[in-house]
Amino acid sequence: MDKYDVAIIGAGPGGYVAAIRSAQLGLKTVIIEKNKIGGTCLNVGCIPTKTLVKNAEIMHEICRASDRGFKISIPEIDMQSMIKMKNRVVNQLSGGVQMLLKANGVEIIAGEAEVLSGERLSVSGKDISFKNLIIATGSSNFMPPIPGIDSQGILTSTEMLDLDHIPESLAIIGGGVIGCEFATIFSSFGSKVTVIEMLPVIVPMMDKDISNVLKSSLAANGVNILTNCKVSKICNENNLFKLKIEGVKEDTIEVSKVMVSVGRNANLKGLEALSLDMDYGNKYIKVNDRFETSAEHVYAIGDVTGKMMLAHVASSQGIAVAENIAGKQTGVSYDIVPSCIYTIPEIGSVGLTEEAAREGYGEIYVGKFPMAACGKAQAMGETIGFTKLIADKKDGTVLGCHIIGPNATELIGQATAVMKKSGTLTDIIETIHAHPTISETILEAAHLAYGEPIHVMKNS
C-alpha cells in the first residue's frame, strides 16, 4: 500500500494549488482527479467561459465599428470553430497544470476516490494510505425541482460550453453571475435571450447600482430580463420548450434552448465513511479557520465547504491548508475578496456594498464617478458604467469599491490592495494615476467621496 503525507481529492484550483504547496514544503503528496486536471474552473467554468466572452467582445466591437469610421459587414459566426478554439485554450492550460504538478513531485492518479477511513482511500483499484487528507471535490450544477426540468435538452453551463450552434432563442433560468455571462455571450452571437430571476434584481450579491446598470446594458443589447419571476413548469413540444412563468403578464414563453443556472451543490460522493459534520443547511462540509473538518487530519477547501465559491478563494485556501499541515499558522481572511463578472461591460467588486456599509458603519463617504467623464473611456467608446468608492466617515478608510465599465475585472485589484493595507481615500488621492487610463476613475471617485471632484460638477 502506497503511503503519503498528504492525499488530495480533486485537482481544481484549490486541490492542485494545495498539492503544489504541500510538495514544496517537503510533504509526499498525491492528488486524485476523476475528470480533468484543473477542475470545473479550468475545464467547464472560468476559462472556457471567458474565452467565449472574448469572442462576444469582438462581435460587440465589430457591430459598433461604423461609429469609429470602419465599414465592416457583420461576420458569420462559426460556432464549431469557436468551440475548437476554446478547447485548445483549456487543453493547453490543463496540460500546463499537470506539468507543474509533476515538476513539483506530486503523484497524479486518475479515478474516483472512495475514502475508506481517516487514514485510507481507494481509487482505480489501488489502496492509498495517508497521514492527512484534503477534500477539494468542488461542486456541481444544482437543478431546481421544476416540473419538466429533466426533459431532454435542458442544459447547464457545462453543456452550453460545447453547444455547436447558436440557438435562435434561449431562456436562462437564474440571473446570477453565470446566467448573465451566458446572456452576454449568446445575445452577442445573435440569440434572442430571456433571463428569468426570482429576486428583484440580477446579480443580487452586487451593489444595487451595479445591478441596475447591468440590467439596462443587457436590455439595450436585446436581452429580455424578467425579475421577481420564477419558472413553474417546462414542456418540450416539437423541439421547442414552453416555460410557464409566475410573476409576469405574458406567463408563457417559447424558446429553442433552456439553460439552468441557479446555484451549485457540494460534491460529497465517496466521503460517506468519514461521517463529517456539515454546515449551511447540512449541504457543505463544516470546517474551522484552519480548514479542519470534524475528522482528525481531514481538511476541506473550496466549493465543498460553501464559504465563498470562487476559484481564487479556493487557491488561497489551498496554500493555507498546506502550510497548516506543515506546521505553519496560516489563515484566509474573507473580508477583502474581489469578485468579477465578465459581462459587457465588465464588473469588479470588493468589500462592502453601499447598503451594507450604511448598515454597518452609519456615516460613510460615497464617491461615484461616471465612465462618461473619463477621457480613456470616451476614447474607447465604452462610457457605460461608473466607479464607486465607499469609505468610513471617521477616518476615510476604504470599505468597498464597485466598478462597472471597461477593464473593471483588472482594475479591482488596485482597490483590493488598498483595502488590504487599510488604505484611505487620501492614500488614493495622493497616489498619482497615469493619464489617460480607466484607473483614473478610482482617483476621481475618491475626490468625489470627499465632495471635491476635479473632472465632474460637484452635484454629479
Which listed residue, of 179, 190, 174, is in contact (Cβ under 8 Å) with a residue 12 or more places away in the chain, farther than 25 Å from residue 23 by Cα, surrounded by fewer than 19 Cβ atoms within 10 Å (Cβ to Cβ) and not charged (D, E, K, R) = 190
Conditions (1) touching a residue at least 60 places away in the same chain (Cβ under 8 Å); (2) surrounded by 20 or more Cβ atoms within 10 Å (Cβ to Cβ); (3) in contact with a strand residue (DSSP E or B) (Cβ under 8 Å, 6 or more places away or on another chain); (4) assigned to a loop (DSSP other than H, G, I, E, B) -> residue 343 fails only (3)
Within the stretch 1-12, tally of residues that are under 13 Å from residue 321 (Cα atoms) and touching a helix residue (DSSP H, G or I) at 6+ places or on another chain (Cβ under 7 Å) | 2
Selection within the stretch 169-222 - small (Gly, Ala, Ser) and within 17 Å of residue 159 (Cβ to Cβ) | 169, 171, 174, 179, 183, 191
Among residues of the stretch 168-197, those that are out of contact with any helix residue (DSSP H, G or I) (no Cβ under 7 Å at 6 or more places or on another chain) and part of a loop (DSSP other than H, G, I, E, B), counted = 7
How do the pairs read when you match residues in the stretch 19-35 that are free of Cβ contacts under 8 Å to residues at least 60 places away in the same chain and in the same structural domain as residue 301 (by TED's automatic domain parsing) with residues anywhere that are hydrophobic (A, V, I, L, M, F, W, C) and in a loop (DSSP other than H, G, I, E, B), using Cβ under 9 Å and keeping only pairs 6 or more apart or on different chains?
-> 35/11
Just checking, which of 303, 207 is over 26 Å from residue 40 (Cβ atoms) and under 22 Å from the mean Cα position of the chain (by Cα)?
-> 207
Lone qualifier among 137, 194 - being touching an Asp or Glu at 6+ places or on another chain (Cβ under 9 Å) and polar (S, T, N, Q) = 137
Could you figure out which of (1) surrounded by 23 or more Cβ atoms within 10 Å (Cβ to Cβ); (2) touching a residue at least 40 places away in the same chain (Cβ under 8 Å) isn't true of residue 142?
-> (1)
Taking the stretch 428-452, which residues are over 19 Å from residue 352 (Cα atoms) and without any contact (Cβ under 8 Å) to a residue 60 or more places away in the chain?
-> 429, 430, 431, 432, 433, 434, 439, 451, 452
Residues of the stretch 301-335 being part of a loop (DSSP other than H, G, I, E, B) and in contact with a strand residue (DSSP E or B) (Cβ under 6 Å, 6 or more places away or on another chain), which ones?
-> 306
In the set 287, 262, which member is over 21 Å from residue 131 (Cα atoms), touching a residue at least 12 places away in the same chain (Cβ under 8 Å) and among the β-branched types (Val, Ile, Thr)?
-> 262
When both residues are 6+ apart or on different chains and their Cβ atoms are under 6 Å apart, which pairs have a first residue that lies in the stretch 44-70 and is farther than 14 Å from residue 93 by Cα, and a second that is crowded, with 16+ Cβ neighbours inside 10 Å and hydroxyl-bearing (Ser, Thr, Tyr)?
-> 53/342; 56/184; 56/188; 59/188; 60/188
Conditions (1) on the phi < 0 side of the Ramachandran plot; (2) in the same structural domain as residue 240 (by TED's automatic domain parsing) -> residue 147 fails only (2)
Do we find a residue being surrounded by fewer than 16 Cβ atoms within 10 Å (Cβ to Cβ), acidic (Asp, Glu), more than 23 Å from residue 308 (Cα to Cα) and touching a residue at least 40 places away in the same chain (Cβ under 8 Å) anywhere in the stretch 223-244?
-> no
Quick check: anything in the stretch 337-351 hydroxyl-bearing (Ser, Thr, Tyr) and either in contact with a Leu (Cβ under 9 Å, 6 or more places away or on another chain) or at pLDDT below 95 (or both)?
-> yes
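The values are calculated or read from the model by the stated rules, or taken from the named source; none is laboratory data. These numbers come from a predicted model, not from an experiment. Backbone-built Cβ (ideal geometry, glycine too); neighbour counts: all protein chains shown.
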